[in-house]
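*Asks:* Following this message is one structure expressed as structure tokens.
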Amino acid sequence: MAAEEEGLTGPGEAGSAPGPDPRSESRPEPRDEHRDEHRDEHRDEPRPGPRSVPELLLGRPPMARPLPTFDAEAAPAEPGPLFADWLTTALDAGVLDPQVVTLSTVDADGLPDARVLVLRDVDASGTGWVFSAAADSPKGRQLADHPAAALTVYWPQLGRQVRVRGTVERAADLVAAAEFATRSPAARVGALVGRQSEPLASLEEYDEAVAVARRRLEATPDAVAAGHAVYTLWAHEVEYWQGDAERRHIRLRYTRTGPVRTPEWSRTLLWP
């Protein structure tokens, strides 16, 4: 009530709010015909509905921006140094999450499956691409049944894509435990919760499981999630793709010709 009185009483006035001015009652408000016409003009206009996907994409050509160049002839003999160079450029350019890649696998029915995860390492030659996952997750089970996969990374600000294809090998449990210790507390808690991709009754159920896992990690800091696994994708092919607004894309494919432990690589320029 005090606030209402303050709003109705002028500064220094202690009396009640003034009544209506009789002159205002006898004087009709002037009509703004232009405003009325404008209001009537839009009254019957239908509100725009949601646009279709083609409408949303039309007029938004990809890579219509300045992009870096790529001299394929000057590329190194092995794919590893080139990836390190491109990753450094992505970090310097402020690309968000440049270490996030798409892992593609094949399920029991032969259907492709894909999801994003974090790339952990790439060896010096570019043969071994390392990532981690839960062995009892869909991707872990798929890799156990069919140990082959593809990795794809795309950095949109640079219009650059890297594709890797090859066979996958699971590392020893000691390697997985050491890698688990390097993860952030939040990542370790999430892995300790487990049950990835299983049906969830409610977010409250998940929050309770997180609280239990957090207490476990606090009590046992060196705890390792059951089934935590580290995988290496041994590349057979690595392709570097530099996009161009005029579709003059530069594609350079490395193909491994030697054994995994002592790889040799051939390079091939591909049509866009």
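*Asks:* Please compute the per residue accessible area over the range 43-155 with all protein chains in place, 1.4 Å probe, rounded to a whole number of Å².
*Replies:* 61
*Asks:* Moving to a separate point now. Ranked highest first by average number of other Cβ atoms within 10 Å, how do 232-238, 164-170, 85-91 line up?
*Replies:* Order by mean packing, descending: 232-238, 164-170, 85-91.
*Asks:* Something else about it: Taking θ = phi - 60°, what integer Hz values does the Karplus form 6.51 cos²θ - 1.76 cosθ + 1.60 yield along the range 202-214, in sequence order, with x for Gly and Pro?
*Replies:* 3J(HN,Hα) across the range 202-214, in whole Hz: 6, 5, 5, 4, 5, 4, 5, 5, 5, 4, 5, 5, 5.
*Asks:* Keeping all protein chains in place and using 1.4 angstrom, which order do Arg248, Arg141 fall into by accessible surface area, from largest down?
*Replies:* Arg248, Arg141
The values are calculated or read from the model by the stated rules, or taken from the named source; none is laboratory data. Everything numeric here is computed off the predicted structure, so don't read it as measured data. When we count neighbours, we look across all protein chains shown, and the Cβ atoms used for this are built from the backbone with ideal geometry, even at glycine. Please note that ligands, DNA and RNA were not included when accessible areas were found on the heavy atoms of the full protein model with its side chains. Shrake-Rupley method; radii C 1.70, N 1.55, O 1.52, S 1.80 Å.
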